[in-house]
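Values in this text are rule-based calculations from the coordinates and carry no lab data. This is a predicted model, so every value here is computed, not measured. So basically every Cβ, Gly included, is an ideal-geometry build from the backbone, and we count neighbours across all protein chains shown.
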Amino acid sequence: MKPPAGGRRISPAGRFRTEIEQAEADGVSREDMTLELTLGDVSQLKRDPSIAVTDISFSDGVMRYLGVRIQEGGIPESKLTRP
């Protein structure tokens, strides 16, 4: 993903909120989606003060953002995967 004009980068929270909502509008269940995030994006997501406490969760060793499971690291660029 290229940064927007002006050099300002969209936060992972903002970028993936939009992508998750679009996938859901396309009929994909949040349970069927996976956020594959770089370690840097995971770190940013965990520290983002604009994220509501209810939007991010940690349960049974799984981190979720907006109900979508997060898979951390091992990729060069973050992406939302969906069936």
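If you check 45, 80 for being outside any helix (DSSP H, G or I), under 12 Å from residue 16 (Cα atoms) and in contact with a helix residue (DSSP H, G or I) (Cβ under 6 Å, 6 or more places away or on another chain), only one passes: 80. Just to be sure before I move on: is residue 59 of a type in the set (S, T, N, Q) and over 12 Å from the mean Cα position of the chain (by Cα) in the structure I sent? Criteria met by residue 59. Within this structure, residue 24 fails the test of being surrounded by 12 or more Cβ atoms within 10 Å (Cβ to Cβ), among the acidic types (Asp, Glu) and either within 10 Å of the chain's Cα centre (by Cα) or at positive phi (or both). Of the numbered criteria (1) in contact with a strand residue (DSSP E or B) (Cβ under 6 Å, 6 or more places away or on another chain); (2) among the charged types (D, E, K, R); (3) surrounded by fewer than 16 Cβ atoms within 10 Å (Cβ to Cβ), the one residue 36 fails is (3). Quick check on my filter: what residues within the range 39-55 are surrounded by fewer than 17 Cβ atoms within 10 Å (Cβ to Cβ), closer than 24 Å to residue 76 by Cβ and of a type in the set (A, V, I, L, M, F, W, C)? Scanning the range 39-55 gives a single hit, 39.
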